[in-house]
Structures are given as structure tokens and as C-alpha cells.
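Before any comments, here is the structure.
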Amino acid sequence: VFFMFQMTFAIITPALMVGAYPERIKFGAVLLFSGLWIIVVYAPVTHWIWGGGWLGKMGVLDFAGGLVVHLTAGVSALVLAMVLGSRRGFPKELRPPHNPGMTMIGASMLWVGWFGFNAGSALAADGAAGMAMLVTQVATATAAATWMLIEWIQHGKPSVLGIVTGAVAGLVAITPASGSVGPMGALAIGIVSGVVCFWGATSLKHKLGYDDSLDAFGVHGLGGIVGALMTGAFAAESLGGQGLAEGMTIGSQLWAQLVGVVVTVLYAGIVSFILLKIVDSVIGLRVAEDEEQRGLDISLHNEQGYYSEV
């Protein structure tokens, strides 16, 4: 049962990267890269932190995958977006999301399902699982409200897309901390993740010019970093947490978390770049210009998402 539970993490992690590269990548390249990535990137980092490896022995706290899942996927997604290049017409000719209602439904399902990952990582129906569920709810709601308020202040109107993106940012950031922090720590993580991920998905992306289409790095990468680092402080019992790693002080715990973040960023980024170059040399990464213009539903799969009678 534990093995199957862990496999769900392995399956979902490369799927998080999909948000960075829609509308311009070959389907075969997605399959080949994802399969190689699970083996060469995900598996080693998982062992280092959860499998008795050196980061775990160092005291790095990652209860449900902030480093293992979200940071590896977020950094790799950024590399993917930069290697692939931007979509045709980016950023001037892109259209806004076409169905906010479906986005809201999907985010709601994700929010509920996340309880299974975070609370389920306690591997028991006990107080630890209950606290993990509580702090997940607190951080997520706080991050959603934070994003909404920032958007409201900057643009004059709150949006459904902004609220649900903020919620996902909170879900990501609380993931590494969900077994270690209390409600006040979750509140702080929600606020900071809402602010940082909003900045990453707007200002940072536009300033650097990369086309991370659905903000995989801005939300999962930066959210994972925020959550991992803030775990180092708010896990302390003096700050309402459940306790630091054995033998650790707040300072040493923060150092361990920082080392975990830096190692994960460097390893995932460098190895993902190498894998992309290998895949590109074997089958190619990007679709032809005419295929991109017609749309990948039609050009790669001979089907379309919407049909209308003329």
C-alpha cells in the first residue's frame, strides 16, 4: 500500500510540468522526457530526502513533497520553457483562459484531493494527519485571499483565475510543512506564498521573458522554495510547530532546508537540461510551425476539444 501511495507522487510530479509547455511540444517528446525524468531526476531526489539518503540524514524536513515533488517539477518546468522557447505570438497575441468555470471546478477538486496527499503522508488516521489537514486548509485559504487582494489592489478587480492560482500556491507551499507546523505557521506560509508566487507569475516572468504558460515555476517552483524554507522556522515548538528534526535548532534547521533547496534546484535544473538535449537529438522537441499554427489537437491527435454545427 505504501509503495502504491508513493507511486501516485511519482506519477503526478511530471504532470505538474505540463503547465509550462502547452501548444508547442511533440507528444512523443513529452512521453520520453517524462519517463526518463522520473528515473533520473525524481527517483534520486526522493531517495535523498525520503529514502534514507543524505539530505534526510542531514535533517531536511519535507513532509509531503515540497522539494521532492513541487520544486523538482517547478525548476524542470522552467528549464523546459526556456529550452522550448515561447509560443507563437507570445506575449502579444495570446488569448485569456477560455473557461473560468472549468478552471474553478478543477481547482476545487485539486484542493480536496490535496488533503489526501498531505494528511495521507502521516500514514495513519491520527492527530498528525488531522493537523496536516487543518494547516493545509489554513494555508490554502490564506494564499487564495492574499492573491485576490493583491490582484484587486493592482488591477482594480479580483478574478476567479487569480483566486484559484493563489489557492494552488498555498497548497504547494504548505506541502513540505504540513507535518511540522501549526495553524499560525500555516497562516504565515499562506501569506508569503501568495505574495511570492504572485510576483513570480507576473513580474518575474514578464521581466525575464520566458513563456511558462500556466506558471508551473511561478507557483510550484517558488511555492516549494517558500514552503521548504519557512518549514525551517515554523516547525519549532516555540512558534507553534510540531518540532524540528532531532537535534536541530532553528538556525541549523533553516540551514538544512536551504541546502535541500539549493541541491534540488541545481540537480533538477542541470539534469533536466541534459535530458531535454538528448530527447531533442533523438526525436525532436518542438512541433513544426504549421502544426503549432493549426493547433496540436488537430495536428498531433486529429481531434478537437470543441465541435460546433454549422
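If the Cβ limit is 8 Å and pairs must be 6+ apart or interchain, which residue in region 73-95 that is closer than 20 Å to Gly221 by Cβ pairs with which residue that is outside any helix (DSSP H, G or I) and modelled with pLDDT under 90?
Arg87/Leu94
Inspect region 73-94 for any residue being basic (Lys, Arg), open to solvent by 50 Å² or more (accessible area, probe 1.4 Å) and closer than 25 Å to Lys205 by Cβ and give the result as yes or no.
In the first step, residues of region 73-94 are kept if they are basic (Lys, Arg); the result is 87-88, 92.
Still in the list and also open to solvent by 50 Å² or more (accessible area, probe 1.4 Å): 88, 92.
When the remaining residues are screened for being closer than 25 Å to Lys205 by Cβ, the result is 88, 92.
Within region 73-94, one or more residues are basic (Lys, Arg), open to solvent by 50 Å² or more (accessible area, probe 1.4 Å) and closer than 25 Å to Lys205 by Cβ.
Right, Gly65: under 26 Å from Gln253 (Cβ atoms) and under 20 Å from the mean Cα position of the chain (by Cα) or not? Even if it seems obvious, please write down each step before you answer.
Numbers: under 26 Å from Gln253 (Cβ atoms): yes; under 20 Å from the mean Cα position of the chain (by Cα): yes.
Here the answer is yes, as Gly65 does meet what is asked.
What helices (runs of 4 or more DSSP H), lying completely within region 13-65, carry at least 2 residues that are within 28 Å of Ala233 (Cα to Cα), out of contact with any Pro (no Cβ under 6 Å at 6 or more places or on another chain) and in contact (Cβ under 8 Å) with a residue 60 or more places away in the chain? Break it down stepwise before answering.
Details: elements: 27-37, 43-50, 54-58.
Those helices (runs of 4 or more DSSP H) span 43-50, 54-58.
Could you tell me which of the residues Val287, Val262, Val279 is modelled with pLDDT of 95 or more, loosely packed, with under 14 Cβ neighbours inside 10 Å and not polar (S, T, N, Q)?
Val262
Quickly run through region 290-310 and pick out the residues that are of a type in the set (A, V, I, L, M, F, W, C) and open to solvent by 90 Å² or more (accessible area, probe 1.4 Å). Reasoning before the result, please.
The initial filter retains those residues of region 290-310 that are of a type in the set (A, V, I, L, M, F, W, C), namely 296, 298, 300, 310.
Result: Val310, single match.
Kindly state which helices (runs of 4 or more DSSP H) lie completely within region 121-216 and contain at least 2 residues that are open to solvent by 30 Å² or more (accessible area, probe 1.4 Å) and over 22 Å from Met102 (Cβ atoms).
127-155, 183-199, 205-208
The values are calculated or read from the model by the stated rules, or taken from the named source; none is laboratory data. Treat the numbers as computed from the prediction; the structure is a model and nothing was measured. In this analysis, Cβ positions are derived from the backbone assuming ideal geometry, glycine residues included, and neighbour counts consider all displayed protein chains. Only protein heavy atoms, including side chains, enter the accessible area calculation; ligands, DNA and RNA are left aside. Shrake-Rupley method; radii C 1.70, N 1.55, O 1.52, S 1.80 Å.
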